[in-house]
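Notes follow once the structure below has been shown.
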Amino acid sequence: LMPVRENVQEILSPALEDVVRLKAYEAYKLVHHPCVVEHGGLFFDDAKDFPGVFGRIVWRSLQDRMTAFLRDGDSRRATARAYLGYCDGRRIHIFRGETTGDVALAARGEYNRNSWDPIFIPDGCTATYGEMGMQEKRSTSPLIKAWDLFLADVNATTGRDE
């Protein structure tokens, strides 16, 4: 795989799979080669899955005030989801990884890869993704889970066992 940094059209849809499916198609049209795209979001259980795919937009505007969408008495449970879309020019394959956890009361740590890193605490951890190093985050990352599914599919398709 060769990384290509190009902006592709992203639809505004609360359905993460739809966003990734169109993004994969747009990327293929741009590079004319099989390609992989990704998109993710943090979905609050008690906020009807908000901010979801709009997390980056909300974070840029509100930053740690994003946690205020959850009122006293609301569950702080959330699911971090990452989708990969692979387009080979004929079909689009979708791979989903997810990690459950809790929304912190306030942001802790640094913004790493996802805008919501400082407010998400994966199950079994006490630190937010923003407080974790990359190796520690890797063990629970929904994006790594999606990549693992993609690579398992590639290996099954090619007959390789790597």
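A few comments on the model shown:
- FRET efficiency, Asp123 to Ser13 (Cβ-Cβ, R0 35 Å, nearest 0.05): 0.80
- Cα convex hull volume per residue for the range 70-122 (Å³): 94 Å³
- Largest to smallest accessible area among Leu151, Leu105 [probe 1.4 Å]: Leu105, Leu151
- Estimated distance in nm for a label pair at Arg56 and Phe69, the labels positioned 7 Å out from Cα along Cα-to-Cβ: 1.6 nm
- List Glu26, Glu110, ordered by accessible area with a 1.4 Å probe, largest first: Glu110, Glu26
The values are calculated or read from the model by the stated rules, or taken from the named source; none is laboratory data. It should be emphasised that the depicted structure is a prediction, and the values quoted were computed from it without experimental measurement. Ideal geometry is used to build each Cβ from the backbone, glycine not excepted, and the neighbour counts take in all protein chains shown. With ligands, DNA and RNA removed, areas are computed over all heavy atoms of the protein, side chains included. Shrake-Rupley method; radii C 1.70, N 1.55, O 1.52, S 1.80 Å.
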